[in-house]
Amino acid sequence: MSLLKYIDSPADLKRLSIYELPLLADEIRQMIIDVISKNGGHLASSLGAVELAIALHYVFDAPQDKIVWDVGHQAYAHKILTGRRDQFATIRKMGGLSGFTRRSESPCDAFSAGHSGTSISAALGIACGTRLKKEDAKVIAVIGDGSLTAGMAFEGLNQAGAIHKDLIVILNENDMSISRNVGALSSFLSRKLSSKYLQDLRKDLGEFLKSLPKIGDDIYQFAKRSEESLKTFITPGMLFEAFNFEYFGPIRGHRIDHLVDILNNVKHLHEPVLLHVITKKGKGYLPAENNPVFFHGVGCFEVKTGACIGAKGALPSYTEVFGNALIEMAETDDKIVAVTAAMPEGTGLSRFSQIFPDRFFDVGIAEQHGVTFAAGLATEGFKPVVAIYSTFLQRAYDQIVHDVCLESLPVVFAIDRAGIVGEDGPTHHGLFDFSFLRSLPNMVVMAPKDENELVRMLKTALSLNCPAAIRYPRGMASGSKAEKIDTPIPLGKGEILETGNDVLILAIGRAVLEALAAHKLLLKSDISATVVNCRFVKPLDIELIGSLARKIPRIITVEEHMRQGGFGSAVLEALSDEGLVDFCLERIGVPDVFVEHGPQHLLLSKYGIDAPAIVQAAKNLLNGATSPLRIHIS
């Protein structure tokens, strides 16, 4: 008999007995495996947090009580339990459920998530807000041990302990070894020490000791130090006690009865509480348990074996091309070092870390620290290459400005997942890097049209004595014929790929290939186009662009980026600076919206960043142009 089919809300969950909850966990786990095997997604972490999600909704009352999930990688069971069971098969599909928590999706999603380390700060803000409104609600932040490497998490802990607000932080440890002495004793002690009776007795005894004349406060402090020493001997909670949190744990995170027991106890405390829970990534699915890194974010796979569906293509990914090229260059230059923020596999640096372990640095989920750390390396004569996804580099903007660009330190930013990335959606699309980087003095910004140009740009960036950024897309390379890369690209120089007199197409990055495809389609309509691979957003090749614009005043710019502040904006600024006024220009790029999740090709088509859209733009310019020409900006 299925229990899950009767669970349409957290209220339905509370009708089950404590003994039925493990059976429900098995059903939820199987649903997650079945759906993610078809849709892809973050499997291992969500499988590990099934019992935790059940226990939280069994004890607390969402949405009145606020549960804030860090990142959202762990929140699939939460989604299923909060009225989205029948929609769960649509997760990460275009028009379906988000792979992360979204306030607009459910009132039970207390905060929208996507980047890690935000849950404690958000939950503390919510807790302060509910108190100001005099609402009776518990606020719980669930954060993984990996996310706890983010400095922002400790900033949240610091303020919560300082202002002593009613907040429960659940540390879900599923990878790091914060605690070596996990076992029956620590679990038993934490559940007993957290009981309301003992907490009330502890407070009453403390007040009594402090009230004793002359010696009371000394005795109280001695008793408190003795209690902390005992807890430190049994548990690893000293760090969190230093932040003025009441620490309980470690608790076995797959024992629902233990979780429910301690959550019922700590919900009555009105002070900062940290509950330390131990779970296993991939719990209940052996392939994910054995290889949690692979199943952290996985594509479609065969449930029985765990094998990926669809053979790996013959083409490498841009990520692999970058990783292999960096190794080759590092073999002849011992000043090259690699830095990443908890993403050695995702950024293609795993092999680099094995070949050059002393020249590889994984700083954890700490992008701000990673950028300034790289700047420090650069001051010592090294050539740090910081490999970070575009969306995550946003977190280190201040450090790029002050610690790298101000003194023009030669730090290379290898910006992976630039442009539209697909099913992870608005928090992960890399659509803002041109605009936030090209405005910075001393920074060089470039984007390759294919894998050969990526390698050449890496060589170019390493040859410069200034900050440089290379942004490249997620996915397979173009399949261009391999070339021997001997020389850097001349700084700020574009290249003419096709010539024609009717339309000027200025493109950058992966969009260059769409521009070339559009050129072929336009020829069928007797329209000839000049196609330029601009290569650099900064410095822009205004000498080339300006000379062509004077001859071909119907101009299209193409970029896989937001229109405002991007490549097209840079071209407009440059043409204005050159004093050019007689031209029509249409910018192709993403409009002023956050792009939803969905397959890359569908999103590129929807937002008109493909060959058919370029063809239509060219025809519009030709059909709408009058003489004399006036500036036309779209």
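The values are calculated or read from the model by the stated rules, or taken from the named source; none is laboratory data. Here the structure is a predicted model, which is why all the values come from computation and not from measurement. Positions of Cβ are backbone-derived with ideal geometry, glycine not excepted, and every protein chain shown enters the neighbour counts.
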Can you tell which of 35, 59 is under 21 Å from residue 284 (Cα atoms), surrounded by 19 or more Cβ atoms within 10 Å (Cβ to Cβ) and hydrophobic (A, V, I, L, M, F, W, C)?
35
Only one of 160, 122, 110 is modelled with pLDDT of 95 or more, in contact with a Pro (Cβ under 8 Å, 6 or more places away or on another chain) and not assigned by TED's automatic domain parsing to the domain that holds residue 424. Can you tell me which?
110
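Can you list the helices (runs of 4 or more DSSP H) lying wholly within the range 510-619 that have 3 or more residues being of a type in the set (Gly, Ala, Ser)? Break it down stepwise before answering.
Values: elements: 511-523, 542-551, 567-577, 600-606.
Hits in the range 510-619: 511-523, 542-551, 567-577.
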Does residue 385 count as in contact with a Pro (Cβ under 7 Å, 6 or more places away or on another chain) and either buried (at least 21 other Cβ atoms within 10 Å of the Cβ) or touching a residue at least 12 places away in the same chain (Cβ under 8 Å) (or both)?
no
Only residues that are surrounded by 18 or more Cβ atoms within 10 Å (Cβ to Cβ) and of a type outside the set (A, V, I, L, M): list them for the range 1-26, please.
10
Just for the range 522-552: of the residues that are farther than 24 Å from residue 492 by Cβ and surrounded by fewer than 17 Cβ atoms within 10 Å (Cβ to Cβ), which one is farthest from the chain's Cα centre (by Cα)?
526
Filter result for residue 8 (more than 29 Å from the chain's Cα centre (by Cα) and outside the structural domain of residue 257 (by TED's automatic domain parsing)):
yes
Among (1) assigned to a helix (DSSP H, G or I); (2) touching a residue at least 24 places away in the same chain (Cβ under 8 Å), residue 354 falls short only on (2)
Give 326, 286 a once-over and let me know the one that is surrounded by fewer than 16 Cβ atoms within 10 Å (Cβ to Cβ) and touching a residue at least 12 places away in the same chain (Cβ under 8 Å).
286
One residue from 426, 448 being within 26 Å of the chain's Cα centre (by Cα), crowded, with 17+ Cβ neighbours inside 10 Å and farther than 18 Å from residue 320 by Cβ
426
